[in-house]
Every structure is written in C-alpha cells, then in structure tokens.
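Notes follow the structure.
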C-alpha cells in the first residue's frame with residue numbers, strides 16, 4: 001500500500017483547489033478575517049470591504065421588534081468592524097449593509113435558511129440556548145414525499161425520527177405534527193426552529209419522550225421548498241372550495257401516510273399538533289375539524305380563533321394538553337388572549353404560556369423547547 | 001364552520017408579517033426587481049443598490065476555468081443591470097460585487113450550498129440540464145448518523161432511497177456510494193450535484209436501475225456539515241496511523257450500517273463506488289484496499305493513482321464497470337491519463353470518459369448523469 005502516498009500528496013494539492021468557481025468570491029488570498037468573534041461579554045463583527053463608503057451592521061437583537069443597524073468603522077487593510085455588548089443567550093441573525101446593500105458574512109459558516117433568504121447566525125451560548133446545539137445522540141431527518149389527491153400533487157415532508165429508531169425495529173413512537181407560518185416551508189422548523197437539536201437534547205436528557213416529528217409544507221400552493229421548477233398551483237386557496245384544503249390534506253392524507261410508513265402509535269393520545277402563526281391557525285382548525293384526532297394541541301403565536309361551541313366540542317372529544325403560547329408584544333397577542341378567554345369560559349383545562357417579545361423564532365424555539373417536554377406523558 | 005372565516009382574515013394579515021426580523025433586508029417596501037431574467041437567448045441580472053459606486057457581476061461561466069466579472073450599469077431607481085448572452089444549458093453560479101464586496105442576489109430563490117458558501121444559481125434549460133430539475137416521482141433524502149469506532153464519533157450521512165422504496169417493503173436495492181471532494185461534505189452531491197433530481201429523472205425515464213445512493217462525509221475530521229458546535233477532530237489524518245482511516249470507516253462501518261438499516265442487495269455486483277477529486281482518490285483507495293467489495297468503480301476527476309500490481313489484483317477480484325472520467329483542462333487530467341494507461345496495460349476493461357472543461361460541478365453532474373445509467377445492468 002506504500003504507493004498510496006502519492007494519492008495523499010495529490011489530495012493535499014486538490015484540497016486547496018476543490019471548491020468550484022472560486023472567483024465568485026471577491027477577496028481571495030487575503031488574510032483571514034474573523035467574524036463574529038465573541039470575547040467575554042462582547043462580540044466583534046468584521047468585514048473586509050476595500051471600496052465601500054458606508055458599512056453598517058444590521059442585527060435582529062438590536063431593537064424591538066425586528067432589528068436595527070449600527071455603523072461600522074474602517075480599520076487597517078479596509079477591514080470594517082464594530083464591537084458590541086453580547087446580547088442575551090439565543091440565536092440571532094444579522095447581516096452587513098455595504099453602501100446600502102445587504103451582504104452576508106463571508107466568514108461565518110453558521111447560516112439559517114428563511115424561505116428565500118439565507119442569514120448568518122450569531123449564537124450566544126447560555127441556559128436559554130443550550131438545547132439549540134448538537135446533542136451527542138442524533139435522530140434522523142428525512143424528506144419523504146406524499147401524494148395528495150386533495151391538493152393535486154406529490155408534496156415534500158420533513159420527518160424527524162428519534163435516536164434509536166433504526167436500532168429498535170419493533171418500537172412504536174408517538175408523533176408530533178409541527179406546522180410552520182405563512183412565510184415558511186417544510187424546512188423552516190429544521191433550519192430556524194432547530195427542531196432536530198431541541199428534540200435530540202430533550203430526549204437525551206430524559207426531558208421528553210422519544211417521538212417522531214412531522215413537518216409538512218403548509219402552503220397548499222407549494223409542492224415543496226422552492227427549488228428548480230417546483231410548480232406552484234395557481235388556485236385561490238381562500239375560496240370556499242379550497243378553504244380547508246391543506247388542513248384536510250394534513251388530517252386525512254399526511255397522518256395516514258405517516259402511520260403507514262413509520263412505526264407510530266396510531267391513537268389520539270399519541271398524536272400532537274402544534275404550529276406557529278398561520279400554522280397555529282392550522283392547528284386550531286385541525287382541532288375543530290377533526291376533534292378526535294389529536295389529544296395534544298399547541299397553537300403558538302397563532303393566527304386563529306375558535307367559537308365557544310367549537311371549544312365545547314373539542315372538550316367533549318377529549319384533550320390531554322392544550323398549550324397556548326404567545327409573546328406579550330406579538331401583533332397577534334390579543335387573539336391569543338381571546339382564545340384563552342374562550343377556553344377558560346368553556347372549562348377546557350389549558351396552559352396560556354406568555355413570553356416576552358413578539359412574532360419571532362426566538363419565541364418559537366422557546367415554545368417547542370417548553371411544550372415538547374409535556375407531550376405523551 | 002362559518003367562524004373559520006375569521007381565521008382566514010387573520011391569516012391574510014399574518015402572511016405579510018410572518019418572516020422574522022424583516023429589517024435584516026436593507027431595501028424593504030421597494031418595487032420588486034426581477035433577477036435573473038431569461039428572455040430568448042439573453043439573461044439580465046439586476047440589483048438595487050442606491051449608494052454603490054461600482055457594481056459588477058461575477059459568473060462561473062464567464063471565463064475558464066473559474067469565472068470572471070463584467071461591469072453593471074446604474075439605471076432608473078438605482079437598479080444596476082447587465083444583459084448578457086445566455087450561456088449553454090447548465091447550472092451556473094454567480095454573485096454581484098458591490099464596491100468590492102461579494103453580494104448574493106436577493107431576488108433569486110435558487111441557491112446552492114458549497115460548504116460555507118451559499119451561491120445564487122443560474123439555470124439554463126436544455127438537453128444537458130434536463131435531468132437537473134425535479135422529476136414527477138421523488139425519492140426520499142434522509143440524514144441518518146452512523147457510529148464510527150475508527151473515527152471516534154457518530155457521523156452524518158446523506159442517503160437517497162428511490163421512489164417506491166416505502167411502498168414496496170419487500171424489494172431490495174443495489175447501492176451506489178457517492179463521494180465528494182476535499183472542499184465538500186455530505187450535502188455536496190445533493191446541493192451542487194443535483195443527485196436526487198438526476199436519479200429521480202433517470203429512474204423515472206427507465207434509464208437507470210432504481211438504487212440507493214449513499215453520500216458520506218469524506219473529511220474524517222468532520223462529524224457533519226458544519227453547524228453549531230459540530231466538533232472537528234484535531235488529528236493528523238495524513239499520519240501513517242490514520243492515513244486510510246476514512247476509507248476503512250467507509251468500507252467496514254458505513255457499508256455494514258447501510259446494509260443493516262436499509263433494504264439492500266448485499267453483494268459486490270450490487271455495490272458501486274464513485275467519487276470526485278479527493279473522493280475519486282477515496283474511490284481508488286477503497287477499490288485497492290477492499291478489492292472484493294465493489295464491482296462498479298467510478299473515479300471522477302480523481303486525485304489518486306494505483307500501481308500495476310494493485311490493478312492486477314483488482315482485475316482478479318472481478319470488475320463489472322470501471323468508469324474513469326476527467327475534464328481535458330482539469331489540473332488532474334494527467335493523473336487520469338496515467339491511470340487509464342495502467343488500466344490498459346493491465347488489461348482491465350474500462351471506459352475513459354473525457355469531457356470538456358475542468359474541475360467543476362458542471363462536469364461532475366454530467367458524469368453522474370452518464371455513469372448512473374451503466375450501473376447494476
């Protein structure tokens with residue numbers, strides 16, 4: 001095998017040339033810039049920009065509710081920088097603004113996908129964010145497609161199966177159906193929501209039951225997260241005919257697909273549904289239209305309501321957990337308060353979990369990290 | 001269910017506010033800019049940049065081998081643009097350069113991930129690229145983790161199972177092990193290589209056998225594609241002790257893991273191995289170190305060599321297909337020619353597939369789209 005050393009030598013050369021189309025990067029061969037750099041209670045952001053006139057940093061933590069900007073200063077070698085107080089433990093997003101144009105941080109490998117946008121992440125470690133990083137034992141994330149007769153095409157799902165699923169071929173699991181908001185798709189809860197990491201950590205620490213998590217695409221006109229030639233249906237989904245098409249597909253197509261193709265406990269007490277914003281509306285609709293299906297119901301920052309009669313029906317069908325969550329500065333907070341009132345008036349035992357802040361992934365990660373511990377117990 | 005109309009109304013509001021941290025985008029509320037726009041045999045790129053002094057477009061197709069730039073012109077409303085002749089059918093990458101800084105195209109939802117970089121894609125339809133778009137029937141892409149005793153941690157894999165895998169629970173499939181280059185990870189062949197689309201199309205058209213494709217992470221120091229706190233091993237992988245650690249893990253850990261957890265035909269005639277650049281070196285090493293394991297061997301733009309004795313051994317072990325491919329301007333082309341010569345001298349039947357161009361994903365997609373049709377037949 002001695003001649004393999006030639007292989008190794010060539011590999012060493014190839015290693016530096018592997019990446020395709022290197023010239024897509026503007027500044028090549030320059031000294032590495034470190035960004036972001038956390039030191040004690042500060043964080044420094046840096047960007048090399050030789051010919052820029054004004055460079056700013058825009059960060060999601062800088063002002064409420066949706067961020068702000070600060071100026072950066074040109075330093076040696078045209079490296080612009082700004083040093084800030086480290087915000088509280090969480091995952092934030094940011095970008096540079098170079099002469100008015102949004103620019104991602106070329107030094108930061110941590111990127112989250114928000115539909116059509118890719119945003120650099122600032123991770124600040126601490127108690128609040130400890131379950132957002134990789135655990136030791138990992139579940140499997142897969143992307144099967146299910147055929148929807150209701151919506152008219154095959155559609156992509158994201159499915160998390162917990163650590164041990166493959167190694168225990170006789171074990172059956174409960175299922176959480178986890179729904180995104182109007183701007184998201186079947187990758188939102190995995191990318192921005194850190195669902196795989198949160199579930200891996202909670203299960204590894206014994207804080208949550210091992211469960212399967214199913215994350216469908218909740219925009220009925222969308223076949224899947226957008227990529228080449230994925231068609232979108234040109235249908236008025238708000239018309240009377242299609243109004244509940246997606247929720248019907250979820251409850252009568254996706255649930256059976258999952259129960260056929262994964263090892264699940266196919267009973268109401270082993271089914272949970274949760275969703276944020278529009279997905280919170282879907283959660284409420286599913287619980288009203290199919291009151292027998294889910295025993296665990298978690299509307300998060302929900303865009304949705306239910307009448308007293310609907311809640312009475314749901315109570316009759318049986319609910320093991322009703323976990324309603326919203327930020328106190330969320331633009332939908334009044335709606336959550338109204339739903340809390342209806343639930344109280346109808347005597348449906350529930351939790352109204354009110355957090356600081358608004359309509360943000362920071363809150364939705366917190367909610368998942370909270371209610372997942374309460375499921376199937 | 002009439003009260004659900006309130007839900008719908010709130011959904012309509014939520015739809016426009018769903019995305020988190022909107023202010024991360026610099027230009028908000030402005031009229032939509034279309035980019036890239038293909039019209040006949042031209043393509044126009046546009047970027048709104050109010051305060052920029054110089055804006056260029058950098059594209060992977062503009063010059064050989066790794067791209068070039070052209071100037072863009074400021075137009076009405078500070079929308080910079082450039083109209084170019086449409087390049088030949090393929091997938092290209094590009095970005096803007098604003099006052100010297102690389103900027104992604106905020107209008108383009110098509111993005112490919114290259115390790116730490118996210119690059120906008122230009123898709124030019126045509127015969128060469130027809131298998132790079134979504135087919136009608138889709139396989140499943142999953143990300144299981146395997147435990148590596150050799151490398152010292154659990155590591156993430158990408159696995160493609162063909163359409164029908166779930167619906168035919170007794171059918172067993174052959175397996176292609178598909179390896180990336182030094183700059184890549186277990187997502188490279190899925191993102192840049194379009195493996196799921198190529199396999200879906202070839203299988204749907206009856207041009208390739210239904211098969212499982214396994215895409216491991218070929219950098220032994222890497223546990224997985226980089227994300228929060230994924231550790232990297234601080235080991236000299238080129239030392240004598242660890243030289244073939246990854247190839248050993250592939251052949252003695254990953255292959256058994258796949259054959260235990262997926263429905264595969266566990267025989268040499270149902271195993272193929274292919275890899276690009278460093279992965280081509282891994283392919284050659286695996287065929288030399290484990291000559292009985294794979295009957296189909298495809299080194300692509302390979303960083304690797306084999307001695308006459310090693311090829312003679314391999315020939316003795318039996319080979320159904322040896323598909324060697326390289327671009328004629330690839331910096332590794334001389335190495336491929338040398339390997340072709342050794343194979344010829346040793347009388348090992350093989351194909352030497354020489355394409356135009358260099359060390360690029362354009363070529364690696366072409367090679368997969370070519371040799372996948374020849375496997376397991």
Query - Choice from B:145, B:364, B:189 showing the highest fluctuation, given a GNM over chain B with Cα pairs closer than 10 Å - result: B:145
Report task. Using a/c under 1.5 as the rounded threshold, could you call the stretch A:300-341 rounded, prolate or oblate? The axes a ≥ b ≥ c are square roots of the C-alpha gyration tensor eigenvalues, and prolate needs a/b larger than b/c, oblate otherwise. Result -> prolate
Query raised in the report: FRET efficiency for residue A:70 and residue B:316, Cβ-Cβ distance as r, R0 = 56 Å, nearest 0.05?
Result: 0.25
Query - Within a Gaussian network of chain A (alpha carbon springs, distance under 10 Å), most fluctuating of A:180, A:359, A:350 - result: A:350
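Does the stretch A:311-372 classify as rounded, prolate or oblate by the C-alpha gyration tensor (a ≥ b ≥ c root eigenvalues; a/c under 1.5 gives rounded; else a/b over b/c gives prolate, otherwise oblate)? Write out the running numbers ahead of the final one.
On the way: a/c = 3.14, a/b = 1.62, b/c = 1.94.
Taking the square roots of the gyration eigenvalues as a ≥ b ≥ c, the stretch A:311-372 is oblate.
Let me check against my output: what whole-number percent is the relative contact order of the stretch A:152-213, with C-alpha pairs under 8 Å and at least 6 apart?
On the way: 45 pairs, mean separation 31.7, N = 62.
Relative CO of the stretch A:152-213 lands at 51 percent.
Note the per residue figure in Å³ for the convex hull of the C-alpha positions in chain A.
Convex hull of Cα atoms, per residue: 192 Å³.
What share of the DSSP beta bridges in the stretch B:88-222 is antiparallel, in percent to the nearest 5? Don't jump to the answer; show the numbers that get you there.
Details: 21 of 24 bridges.
Beta bridges within the stretch B:88-222, antiparallel portion: roughly 90 percent.
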Query raised in the report: Can you give the Kirkwood hydrodynamic radius for the stretch A:150-279, in Å, rounded to one decimal and based on Cα pairs?
Result: 15.6 Å
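Rounded to a whole number of µm²/s, how large is the Stokes-Einstein D of the stretch A:236-377 at 20 °C and 1.002 mPa s, given Rh as the Kirkwood radius over C-alpha pairs?
It comes out at roughly 139 µm²/s.
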Report task. Run the numbers on the stretch A:117-273 and let me know its relative contact order in percent, using alpha-carbon pairs under 8 Å that are six or more apart. Result -> 28 percent
Query raised in the report: Taking a label point 7 Å from Cα toward Cβ, how far is residue A:221 from its twins in the other copies, in nm, shortest first?
Result: 4.8
Report summary line: Counting other chain Cβ atoms within 10 Å of each Cβ in A:115-128 and taking the mean gives 3
Report summary line: Proxy exposure order for B:71, A:340 (fewest C-beta within 10 Å first) is B:71, A:340
Query raised in the report: Normalized C-alpha radius of gyration of the stretch B:190-246, against 2.2 N^0.38 Å?
Result: 1.62
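Determine the percent antiparallel among the DSSP beta bridges restricted to the protein assembly as shown, to the nearest 5.
Antiparallel: roughly 65 percent of the beta bridges in the protein assembly as shown.
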Report summary line: Sorted shortest first, the nm distances from the residue B:166 label point (7 Å along Cα→Cβ) to its counterparts in the other copies are 1.8
Query raised in the report: Across peptide B:224-230, how many C-beta atoms of other chains are within 10 Å of each residue C-beta, on average?
Result: 6
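Compute the Rg to Rh ratio over the stretch B:106-165 from the alpha carbon atoms, using the Kirkwood formula for Rh, and round to two decimal places.
On the way: Rg = 16.4 Å, Rh = 15.0 Å.
Rg/Rh: 1.09.
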**Report entry** Peptide A:294-304, shielding by other chains (average Cβ, 10 Å cutoff)
**Finding:** 2
Query raised in the report: For q = 0.21 Å⁻¹, what log10 I(q)/I(0) does the stretch B:108-209 give under the Debye formula with an equal point scatterer on each alpha carbon and no solvent?
Result: -1.26
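Given a cut-off of 16 Å, what percent of all Cα-Cα pairs of the stretch B:32-125 lie beyond it?
Working: 2289 of 4371 pairs.
More than 16 Å apart: 52 percent of the Cα pairs in the stretch B:32-125.
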Requested in this report: Please report the orientation-averaged projected area of the protein assembly as shown, defined via the convex hull of its C-alpha atoms, in nm².
Outcome: 30.9 nm²
**Report entry** Helical mean residue ellipticity (222 nm; -39500 (n - 2.57) per DSSP H run of 4+; nearest 500) of the protein assembly as shown
**Finding:** -6500 deg cm²/dmol
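Only Cα pairs under 8 Å and at least 6 apart count here; give the relative contact order of chain A as a rounded whole percent. If you can, show how the numbers build up before the last one.
Details: 729 pairs, mean separation 43.3, N = 377.
About 11 percent, as a whole number.
Please work out how much length the chain gains when fully extended from residue A:109 to residue A:167, using 0.36 nm per residue of separation minus the C-alpha to C-alpha distance, in nm with one decimal. Before the final figure, lay out each step's value.
Working: separation 58, 0.36 × 58 = 20.88 nm, distance 3.21 nm.
Net length gain for the segment: 17.7 nm.
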Query - FRET E, pair residue B:345, residue B:234, Förster distance 41 Å, beta-carbon r, rounded to 0.05 - result: 0.45
**Report entry** Copies compared at residue A:63 - label distances in nm, ascending, label defined 7 Å from Cα in the Cβ direction
**Finding:** 4.3
Requested in this report: Report the antiparallel proportion of the DSSP beta bridges in the stretch A:131-374 as a percent, rounded to a multiple of 5.
Outcome: 35 percent
Query - Of all chain A residues, the one whose C-beta is nearest the axis that brings A onto B, in angstrom - result: A:142, 2
Requested in this report: Would you look at the GNM of chain B, springs on alpha carbons closer than 10 Å, and say which of B:279, B:40, B:304 moves the most?
Outcome: B:40
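Any read-out appearing in this document is the output of simple, stated calculations on the displayed coordinates, not a laboratory observation. Only a predicted model underlies this, so the values are computations on that prediction, with no experimental measurement involved. Cβ sites come from the backbone with ideal geometry, for glycine too, and all protein chains shown count toward neighbours.
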